[in-house]
1. Could you give the length gained by full extension between residue 239 and residue 117, i.e. 0.36 nm per residue of separation minus their alpha carbon distance, to one decimal place?
2. Between the alpha-carbon centers of the range 83-117 and the range 159-193, tell me the distance in whole angstrom.
3. Comparing 40, 236, 178, which has the greatest mean-square fluctuation in the GNM of the chain with Cα pairs linked when under 10 Å apart?
4. Quick one: if the Förster radius is 41 Å, what FRET efficiency do residue 93 and residue 147 give, using the C-beta to C-beta distance and rounding to 0.05?
5. What is the gain in length, in nm to one decimal, between residue 175 and residue 232 on full extension, counting 0.36 nm per residue of separation less the C-alpha to C-alpha distance?
6. Arranged from highest to lowest average of other beta-carbon atoms within 10 Å per residue, in what order do the peptides 125-133, 143-151, 225-233, 182-190 appear?
7. Would you mind putting 100-108, 29-37 in packing order, based on average other-beta-carbon counts within 10 Å, highest first?
8. So, in nm, how far is label residue 7 from label residue 63 when the simple model puts each one 7 Å beyond its Cα toward the Cβ?
């Protein structure tokens, strides 16, 4: 675990996932939204997660976000043969994101290739996507979501990576496995005060539930990015994390 996970802001990742609109230059429009969000979050100390726009705009975006005082999660979910994964890691090392996601199903050698060429980042293995329900997990992995996550967790650790991306529903089962020593990063976060129209997340949890069950970071998107005041929503989420830590007996 290369990055300290102590204060509430160390535990919050904001997912800047915006759809293309009807603009004449849709990529530029999304870029402006991401950079606008970053500006609003400048003084919060949180991470910002970029995915599709990072692929479309390029790794220079990471530098732009760093210039706004934010840490960056390059959520590229890399998956390929080890040789290509190594090249991906070499390119990313130049941009220096703090967090990088790889797909655990890339295998031990594929994930290890990233970890070896970019030791400065925290490499997170994505296990079972939070949009999958149990029926889909059985169809794809031939096992339950919990069994799949534990299986992938062992592979991620064997590869020399640093953490997992997993749903709130699997945090507790992984935490109980003493042989697994990885940071636990959870998308599908839904604070009690929010409602997401047409929500595609199926295995979700609240910030308090995740912290109390042993999660390290929460990844939250639409409840904050679609809020009238994203900065206020971020601060409200940080307060929830702080309260959960205090309830758990953590940071005061």
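1. Details: separation 122, 0.36 × 122 = 43.92 nm, distance 3.69 nm.
Once the chain is fully extended between residue 239 and residue 117, it gains 40.2 nm.
2. Centre-to-centre distance over Cα atoms comes out at 20 Å.
3. Comparing 40, 236, 178 in the GNM, the peak value goes to 178.
4. Working: r = 34 Å, r/R0 = 0.83.
Calculated value: 0.75.
5. On the way: separation 57, 0.36 × 57 = 20.52 nm, distance 3.13 nm.
Difference between extended and current length: 17.4 nm.
6. Numbers: 125-133: 21.2, 143-151: 18.6, 225-233: 14.6, 182-190: 24.2.
With the highest mean Cβ count within 10 Å placed first, the list reads 182-190, 125-133, 143-151, 225-233.
7. On the way: 100-108: 22.7, 29-37: 17.1.
Packing order, densest peptide first, comes out as 100-108, 29-37.
8. 2.7
Bear in mind that the values in this text are calculations on the coordinates, not laboratory data. These figures come from a predicted structure and were not determined experimentally. Glycine also receives a Cβ, built like all others from the backbone with ideal geometry; neighbour counts cover every protein chain displayed.
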